[in-house]
């Protein structure tokens with residue numbers, strides 16, 4: 001019986017997709033967090049906010065390039081619909097991590113979630129429909 005469960009676990013691990021690479025963050029972000037001012041909750045949130053602005057700009061550039069790669073109006077409409085749904089999901093999901101009852105660290109977790117999701121989506125859009 002133990003061998004059966006071990007085999008199932010091995011098959012499940014082999015079938016699961018590889019973990020996505022870490023998102024691309026700027027060197028300035030790491031420097032900001034390493035600075036004394038980046039060690040407090042407010043400082044972390046400021047660092048995350050600054051990096052989020054950079055990642056959001058990267059995401060918007062990648063989205064525009066991805067749209068240009070599409071030839072048909074229905075293809076563009078599908079990407080627009082997907083992007084709007086993704087933004088709504090990201091915002092709602094990350095906002096669910098912040099609650100005053102969970103302390104100030106929950107604000108850092110929510111901001112980090114939004115940054116991470118934005119950077120990962122920018123990565124995805126940079127690779128969207130690349131040929132060759």
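Using a cutoff of 8 angstrom between alpha carbon atoms and counting only pairs six or more residues apart, the relative contact order for the range 26-126 works out to 38 percent. Remark: the residue 46-residue 60 segment gains 2.9 nm on full extension, using 0.36 nm per residue and subtracting the alpha carbon distance.
Label-to-label distance for residue 88 and residue 127 is 2.7 nm, based on points extended 7 Å past Cα in the beta-carbon direction. Arranged from fewest to most other beta-carbon atoms within 10 Å of their beta carbon, 69, 58 become 69, 58.
Each principal axis of the Cα cloud of the range 34-80 was taken in turn, and the coordinate range along them, longest first, works out to 51, 13, 10 Å. Distance between the C-alpha centers of the range 66-94 and the range 110-128? Whole Å please. After rounding, the separation between the Cα centres reads 14 Å. If the segment from residue 30 to residue 104 were pulled out straight at 0.36 nm per residue, it would be longer than the present Cα-Cα gap by 24.5 nm.
If you take the beta carbon distance between residue 96 and residue 72 as r and set R0 to 35 Å, what does 1/(1 + (r/R0)^6) give as a FRET efficiency, to the nearest 0.05?
Calculated transfer efficiency: 0.45.
Dimensions of the range 26-126 along the principal axes, based on C-alpha atoms and rounded to the nearest Å, stand at 50, 31, 13, largest first.
Bear in mind these aren't lab numbers, they're just calculated from the coordinates by the rules spelled out. Just so it is clear, the structure is predicted and the values come from calculations on it, not from any experiment. Note that we place each Cβ from the backbone using ideal geometry, even for glycine, and neighbour counts take in every protein chain shown.
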